[in-house]
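For reference, the structure discussed in these notes is given below.
The values are calculated or read from the model by the stated rules, or taken from the named source; none is laboratory data. Not measured: the values here are computed from a predicted model. As a convention, Cβ positions derive from the backbone with ideal geometry for all residues, glycine included, and neighbour counts pool all protein chains shown. The area values use the complete protein model at the heavy-atom level, side chains included, leaving out ligands, DNA and RNA. Shrake-Rupley method; radii C 1.70, N 1.55, O 1.52, S 1.80 Å.
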Amino acid sequence: MNSGKDNIVKLPVNISHLDIEIVRGCFLKCRWCPLDKEQPYQFIGLDLFEKIINALHSVNGGYHKIDLFRGGEPFLHPDIKALLSILEAKGFVGKSIIGFFTNGMAVKHEQIKAIMESSLNIEVVFSVDGVGTGESFEYMRTGAKWEIVRKNISLLSEAGKGSVYGARKKIAVSTIIPHQDAVPFSVPKREEIYETFKKEFRPLGVDEFYFRDIHRYNGRVVIEGMPEREIRSGPCCFVKRGGISILVDGRVSTCCGDLNNSLIIGDLSSETLEEIFYGQSLLSIKEKMLKGERSALEICGACDLR
């Protein structure tokens, strides 16, 4: 039998997008989030993180994006500076965009300093769901505070203005736009929502905005009042761009939306990253997707994530 590299010619044969779960756990209880809030907090160790980064050279595909996030709140990690230092030392300066996806409530001064002093290209994405108002945001992201998040965005932006380092630092806002029948507040037309967000956050230093529809996270979240969305039959967006997701304990999943780890395809404690990425488990998933058989996959079959 040919290797996974040879068989999957229609999909990326190298990793170009990597999620590394540096923190498992989150203190918010956002509506419709499937993350298991009862699980104990876990933080990735520096030894495992360095092992992962070293392993990337065996499946080098350019690593356009390395996200230090997978459902938990990354800024709860006790040593962000050390993680960034490992990436710097291993040759990722100017090679990749290092991403953080945060709820905006846990950003600390020392973390802001570490980000701005790093020679890496870094994007910090603040998750600000709703329609651009405090009311809608605090309804959807239970436990978060609109003004605290705005303040932390502003602090990060102000720190960047004083930086003398040449590396690119970008601040973005990512927004899940709710369906009107699923929320008690008014949902304006999309164009109005776009303009509201830009008006609210451009002055705070936000460079980019990402908007997406609310979804059911692999069909495992029930959203009352939301109409069904089309389930696509071909390869998902994560597989298309050569994505893979590494958990805080070294296990590996092929899905960025599998927040409770149902689609494990390997474990770095007993396999190499190369063996996992080109192995039979992931190969079988890709083949089913290419054949239009996503419904045969437990997690992927009901996924409406675009």
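Descriptive notes on the structure:
- Scanning segment 287-302 for residues that are charged (D, E, K, R) and surrounded by 19 or more Cβ atoms within 10 Å (Cβ to Cβ) yields one hit, Arg294.
- Residue in segment 40-56 that is out of contact with any Leu (no Cβ under 9 Å at 6 or more places or on another chain), under 30 Å from Thr175 (Cβ atoms), outside any strand (DSSP E or B) and modelled with pLDDT of 95 or more present: no
- Some residue of segment 49-63 being basic (Lys, Arg), in contact (Cβ under 8 Å) with a residue 60 or more places away in the chain and open to solvent by less than 30 Å² (accessible area, probe 1.4 Å): no
- Of residues in segment 151-170 being in a helix (DSSP H, G or I) and open to solvent by less than 50 Å² (accessible area, probe 1.4 Å), the one modelled with the lowest pLDDT: Gly160
- None of Leu35, Leu28 is at pLDDT 80 or above and not in a helix (DSSP H, G or I) except Leu28.
- Cβ pairs under 7 Å, 6+ apart, first in segment 97-116 and open to solvent by 10 Å² or more (accessible area, probe 1.4 Å), second assigned to a strand (DSSP E or B) and hydrophobic (A, V, I, L, M, F, W, C): Phe101/Val125
- Residue that is most open to solvent (accessible area, probe 1.4 Å), among those in segment 261-273 that are of a type in the set (Gly, Ala, Ser) and within 22 Å of Val23 (Cβ to Cβ): Ser269
- Asp19 satisfies every condition listed in (1) out of contact with any Lys or Arg (no Cβ under 6 Å at 6 or more places or on another chain); (2) at pLDDT 60 or above except (1).
- Test for Ser281: is it crowded, with 20+ Cβ neighbours inside 10 Å, of a type in the set (S, T, N, Q) and at pLDDT 85 or above: no
- Filter pass, Ile276 being under 26 Å from Phe49 (Cα atoms), open to solvent by 10 Å² or more (accessible area, probe 1.4 Å), without any contact (Cβ under 8 Å) to a residue 60 or more places away in the chain and of a type in the set (Val, Ile, Thr): no
- Odd one out for Leu83, checked against (1) open to solvent by 20 Å² or more (accessible area, probe 1.4 Å); (2) at pLDDT 95 or above: (1)
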